Amino acid sequence: MSQQFCLSCAMPLTPESKGAHTLYCRHCTDDEGKLRSRDYVQSGLAQFLKMLDETIDDSVAMKRAALYMQAMPAWAE
């Protein structure tokens, strides 16, 4: 069986990370399985990016998160 990833943020979908929706992780969905807002997900991704690189500030992290999200199926325009 191949690894599945969240179509919103690319987090590996494991039993611990799966949300109420089969395509998205628990961070990207609410309790009913609905995809959270773009702003909510972008903010969470920005915080994750800042954990990986503590030298970047909030605005840079938000810009990087926005660019990253453009490549994700849930957010592609």
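The values are calculated or read from the model by the stated rules, or taken from the named source; none is laboratory data. Only a predicted model underlies this, so the values are computations on that prediction, with no experimental measurement involved. No Cβ is skipped: glycine too gets one built from the backbone with ideal geometry, and neighbour counts run over all protein chains shown. Calculation scope for accessible area: heavy atoms of the full protein, side chains included, ligands and nucleic acids excluded. Shrake-Rupley method; radii C 1.70, N 1.55, O 1.52, S 1.80 Å.
On the stretch given as the range 1-21, residues that are in contact (Cβ under 8 Å) with a residue 60 or more places away in the chain and more than 16 Å from Val41 (Cα to Cα) total 0.
Against the condition open to solvent by 40 Å² or more (accessible area, probe 1.4 Å), at pLDDT 95 or above and not in a helix (DSSP H, G or I), how does Thr55 come out, does it pass?
Spelling it out, Thr55 is indeed open to solvent by 40 Å² or more (accessible area, probe 1.4 Å), at pLDDT 95 or above and not in a helix (DSSP H, G or I).
Only one entry of Ala65, Ala71 meets the criterion of being hydrophobic (A, V, I, L, M, F, W, C) and at pLDDT 95 or above, and that entry is Ala65.
Between Leu23, Leu67, Leu7, Leu49, the distinction of being assigned to a helix (DSSP H, G or I) and surrounded by 12 or more Cβ atoms within 10 Å (Cβ to Cβ) belongs to Leu49 only. Residue-level analysis places Thr29 outside the set of residues that are out of contact with any His (no Cβ under 8 Å at 6 or more places or on another chain) and among the β-branched types (Val, Ile, Thr). Taken as a whole, the range 48-57 holds no residue that is among the β-branched types (Val, Ile, Thr) and within 14 Å of Trp75 (Cα to Cα).
When you look at Val60, is it touching a strand residue (DSSP E or B) at 6+ places or on another chain (Cβ under 9 Å) and part of a helix (DSSP H, G or I), yes or no?
no
Checking each residue in the range 26-46 for being under 20 Å from Lys63 (Cα atoms), open to solvent by 60 Å² or more (accessible area, probe 1.4 Å) and part of a loop (DSSP other than H, G, I, E, B) picks out His27, Arg36, Ser37.
Of all residues being more than 22 Å from Arg64 (Cβ to Cβ) and touching a Phe, Trp or Tyr at 6+ places or on another chain (Cβ under 9 Å) in the range 10-20, which is most open to solvent (accessible area, probe 1.4 Å)? Just the residue, please. So, considering only residues that are more than 22 Å from Arg64 (Cβ to Cβ) and touching a Phe, Trp or Tyr at 6+ places or on another chain (Cβ under 9 Å), the one most open to solvent (accessible area, probe 1.4 Å) is Lys18.
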